[in-house]
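Enquirer: To start, I am sharing the structure in question, which I have written as structure tokens.
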Amino acid sequence: MARVMIDRASENLRPLKERLATIKDIHSAASVLAWDRQTYMPEGGVGGRAEQLASLARTAHEMLVSPETGRLLEDAGGREPGSDDAALLRLARREHDRAVRLPARLVAETSRVTALAEVAWIQARTHSDWSKFAPHLDQILALKQEEADYLDGEHPYDAMLDRYDPGSSTERLVVMFDELKAGIVPLVSEISASLGEDRAAPLRGAFDEAAQEAFGREIISSFGYDWSRGRQDRAVHPFCINFGDPGDVRITTRFDPELLSVGLFATYHEAGHALYEQGVDPSYSRTPLAGGVSMGVHESQSRLWENLVARSRPFWSHFQPKLRKAFPGVLDGVDIETMYRAVNAVRPSEVRTEADELTYDLHVLLRFELEVGLFEGNLTVADLPEAWNTKMEEYLGIVPENDALGVLQDTHWAIGYFGYFPSYTLGNVLSVQLFETALKERPGIVPGMERGEFGDLLGWLRENVHRHGKKYEPDDLIAHSTGRPPDTAPYLRYLESKFGELYGLKPL
Ligand code: ZN
């Protein structure tokens, strides 16, 4: 009898699942077009491609908010707590509820305004002319504030965060950033006071691009990136993209022929995102459960491979001799320790994407505080350039030479991505919490890294993070896998011990 009821219950979900699969397919098809736009599309395709993407986005949105989808969700009732179907319904209802609260006019207007703003931002940044971008940002901010009103969070900025990191809140992030600020700012100023030598010098030289590419491919193959389910191409801004299924997860990278670190770490970073997507349970494909659970957890995976693995001594003890062989004559005399110090050189700088591991979060903190100020109404768009420079001086001890290297450097605001930046720091925090737990549970991880083998580490991540896709809420996933909620303490301990040792600081 129970068997019959269960069968009937899953039978009831079939029309809903088919509908959700179609919506997912439309998004995935749009992702293929987006991948093509950023890799191989000729310049002449820009206008046509924007229309194609807008049509697909509109079609998917209309299907999601349609009364038919609403009725299917209502009729679906409840499912056994903890089951895949219960999680699927929770996610589908959340997506549907969010979408129906936003008027179609607002969605269309945001898409139109940001398309124009992105072009204006490129111009503004090229000429370092804030006035070219400010009116566009005013419009975007007004639309985003309107969106926040419709979504009705506890704090107006919460609605922005929720899109990227469900369960996150302004209140929680204020606490997290306060803890990080208290730990990192004194460490940076202590190190800055003793900056004499240029430790990153070995990374500059003439590095053949084909050799860089071959070396990067060898390393991410050893991480476990599956080339039969992915590929790597070049892009100006490297990214990882998937099409709703772990069978095709692509990455892009870029190379600087005069600066080795750019290509290497972009490759490791994107491969970290891709390993996550390739590890999601294949039965979740074409459902709301497919893919990484949040941007914070996603960044934890990319930063784990980029920093905790590829900026570590065990890693370089194995790979530095290979790197020297890959670039004969360029890295002669650069031993393991020199390389380890080079890839961990601290130097407060203007640009976030070029920041070292220690100062990176201060760039994010600055953006977080400005965004909260904008949404609380304590700050206007006109105030941003000056507020930016003041905070740069306060946290990093430098003032950008111009706005192109300051307030205009990121694309996020131009494309409407308010609330995205904190995911980067959340990712850093979570990466250490996860890695620490993995090392405790699998003592073979570090000896493996010294042999250039990463199966133990990937196995732990697959088991505890990757395979679950979006099934659990981000906080629950972290609590399941590490035994406690997200916590800054392991991250701060890691930074203090790593950089304290590298720069010979006395324990704080
Ligand atoms: Zn990333």
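Every number here is computed from the coordinates shown, using simple stated rules; none is lab data. What you see is a predicted model; the values in this text were computed from it and never measured. FYI the Cβ positions are ideal-geometry reconstructions off the backbone, even for glycines, and counts take in every protein chain you see.
Enquirer: Bins of 5 Å, beginning at zero and ending with the bin holding the largest distance: percent of Cα pairs per bin for segment 128-247, please.
Expert: In order of increasing distance, the bins hold 2, 7, 8, 9, 9, 11, 17, 17, 14, 5, 1 percent.
Enquirer: May I ask which of Lys470/Lys498; Lys391/Lys506; Lys24/Lys471 have a Cα-Cα span longer than 23 Å here?
Expert: Pairs exceeding 23 Å: Lys470/Lys498; Lys391/Lys506.
Enquirer: Whole-Hz ³J(HN,Hα) for each residue in segment 488-494, computed from phi via Karplus 6.51 cos²θ - 1.76 cosθ + 1.60 with θ = phi - 60°, x for glycine and proline: what do you get?
Expert: 7, 4, x, 5, 5, 4, 4
Enquirer: Separate question: Over the chain, what is the relative contact order in whole percent, taking alpha-carbon pairs under 8 Å and six or more residues apart?
Expert: Taking the mean separation of contacting Cα pairs over the length of the chain, I get 19 percent.
Enquirer: Please give the charge dipole size of segment 2-152, origin at the Cα centre, charges +1 on K and R Cβ atoms and -1 on D and E Cβ atoms. Round to the nearest 20 debye.
Expert: 160
Enquirer: Another one. Tally the DSSP beta bridges in the chain and give the antiparallel ones as a percent, rounded to 5.
Expert: Here the antiparallel bridges make up roughly 60 percent for the chain.
Enquirer: Amide H neighbours of Asp233 under 5 Å, at least 5 residues apart or on other chains, H built in the peptide plane: list them.
Expert: Ile251, Thr252, Thr253
Enquirer: In whole angstrom, note down how far apart the Cα centers of segment 370-437 and segment 276-296 are.
Expert: Answer, in whole Å: 28.
Enquirer: Please work out the Cα center distance from segment 184-237 to segment 450-507, rounded to the nearest Å.
Expert: About 20 Å separates the Cα centre of segment 184-237 from the one of segment 450-507.
Enquirer: Hey, another quick one. By what distance, in whole Å, do the Cα atoms of segment 250-345 stretch along each of the three principal axes, largest value first?
Expert: Its Cα atoms span 53, 24, 20 Å along the three principal axes.
Enquirer: Karplus couplings for segment 276-285 from phi (6.51 cos²θ - 1.76 cosθ + 1.60, θ = phi - 60°), rounded to Hz, Gly and Pro as x?
Expert: My calculation for segment 276-285 gives 4, 5, 5, x, 6, 3, x, 5, 8, 4 Hz in order.
Enquirer: In terms of the ratio Rg/(2.2 N^0.38 Å) built on C-alpha atoms, what value belongs to the chain?
Expert: 0.99
Enquirer: Share of Cα-Cα pairs in segment 222-269 beyond 16 Å, in percent?
Expert: 42
Enquirer: As a test of the formula, what do you get for the chain when each DSSP H run with n ≥ 4 contributes -39,500 (n - 2.57) and the sum is divided by the residue count, at 222 nm and rounded to the nearest 500 deg cm²/dmol?
Expert: Calculated mean residue ellipticity at 222 nm is -20500 deg cm²/dmol.
Enquirer: About its Cα centre, how strong a charge dipole does the chain have in debye, to the nearest 20, once Lys and Arg get +1 and Asp and Glu get -1 at the Cβ?
Expert: For the chain, the charge dipole is close to 1320 debye.
Enquirer: In Å and whole numbers, how far do the C-alpha atoms of segment 382-508 stretch along each principal axis, longest first?
Expert: 51, 42, 28
Enquirer: Among Val351, Val309, which comes first, second and so on when ranked by fewest other beta-carbon atoms within 10 Å?
Expert: Val351, Val309
Enquirer: Dipole of the chain (Lys/Arg Cβ +1, Asp/Glu Cβ -1, origin at the Cα centre): which of Val429, Ala104, Val65 lies farthest to the positive side?
Expert: Of the candidates, Val65 comes out farthest on the positive side.
Enquirer: Along segment 264-273, what does the Karplus equation 6.51 cos²θ - 1.76 cosθ + 1.60 (θ = phi - 60°) give for ³J(HN,Hα), rounded to whole Hz, x for Gly and Pro?
Expert: Residue by residue, segment 264-273 yields 4, 6, 5, 5, 5, 4, 5, 5, x, 4 Hz.
Enquirer: Normalized C-alpha radius of gyration of segment 1-159, against 2.2 N^0.38 Å?
Expert: 1.33
Enquirer: Pairs of alpha-carbon atoms within less than 8 angstrom and 6+ residues apart define the contacts here; what relative contact order does segment 2-152 have, in percent?
Expert: 19
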